[in-house]
Amino acid sequence: MKLLHTKDGVAFVRHRAFAHRFLLPIGEYVNWKLQHEWDDYNELYHAVNFIEQLSAIDGLWLEPHTLEKEGKLMGVLFIVGGMLEKLGDAKKLDEGTLLLKYFHIVSKGNGYGSYWLQRVIVPHYRERGFRAIAISSSHPKSFNFYSKLAQETASYYKASDNGIYQRPCKSFKLSLLP
């Protein structure tokens, strides 16, 4: 565990190993969707499957990042690196590119997300010599957020978990170059 940054009592932490508790913000989001806007896509289920998939592939690494306030886990994002072509869907990524997966913050609208990416994640991985972070999302409410920080690289649709909906998806490239 390494404390990367603090701001107004919020700690931005990078972890070396995955812990199941990191999934709590994703679970809270799924619970919110069950109460408000279910869209037939279970991020928690997909995150667990993704983590399991990664652990079975040599040449890939995962760095969990958390946002914590007063000892409470308030957000999570995962950075994936290494031989990304082994994931299949990442074949078109340039060398020096990372993946950002499952970016969830419990308290939305406080500016933590953009601050976290711009002031913590980007400088941290730039200093380590990486050039870009690839981001894909199937949450239309996040498209505007990502388009302010990154360049859109693709727009497509995929079926929801039970094939009930066609989910709009977008991919972005967040440059780490100065």
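Quick notes on this one:
- Residue among ALA134, ALA154 that alone is touching a Ser or Thr at 6+ places or on another chain (Cβ under 9 Å), open to solvent by less than 20 Å² (accessible area, probe 1.4 Å), among the aliphatic types (A, V, I, L, M) and over 27 Å from GLY9 (Cα atoms): ALA134
- From the list VAL106, VAL80, VAL76, the one residue that fits, being open to solvent by 20 Å² or more (accessible area, probe 1.4 Å) and touching a residue at least 12 places away in the same chain (Cβ under 8 Å), is VAL106.
- Residue within the range 15-33 that is surrounded by 13 or more Cβ atoms within 10 Å (Cβ to Cβ) and in a loop (DSSP other than H, G, I, E, B) present: yes
- Just one of (1) among the aromatic types (Phe, Trp, Tyr); (2) open to solvent by 80 Å² or more (accessible area, probe 1.4 Å); (3) without any contact (Cβ under 8 Å) to a residue 60 or more places away in the chain fails for TRP61. It is (2).
- Sole residue being over 23 Å from ALA47 (Cα atoms), without any contact (Cβ under 8 Å) to a residue 60 or more places away in the chain and surrounded by fewer than 13 Cβ atoms within 10 Å (Cβ to Cβ), chosen from LEU177, LEU149: LEU177
- If the condition is being part of a strand (DSSP E or B) and not β-branched (Val, Ile, Thr), then the range 59-73 contributes LEU60, TRP61, LEU62, GLU63, PRO64, HIS65, LEU67, GLU68, LYS69, LYS72, LEU73.
- Any hit, the range 79-89, residues being of a type outside the set (Gly, Ala, Ser), modelled with pLDDT of 95 or more and closer than 26 Å to PHE130 by Cα: yes
The values are calculated or read from the model by the stated rules, or taken from the named source; none is laboratory data. Source: prediction; values computed, not measured. Cβ sites come from the backbone with ideal geometry, for glycine too, and all protein chains shown count toward neighbours. Keep in mind that these areas ignore ligands, DNA and RNA; they rest on the heavy atoms of the full protein, side chains included. Shrake-Rupley method; radii C 1.70, N 1.55, O 1.52, S 1.80 Å.
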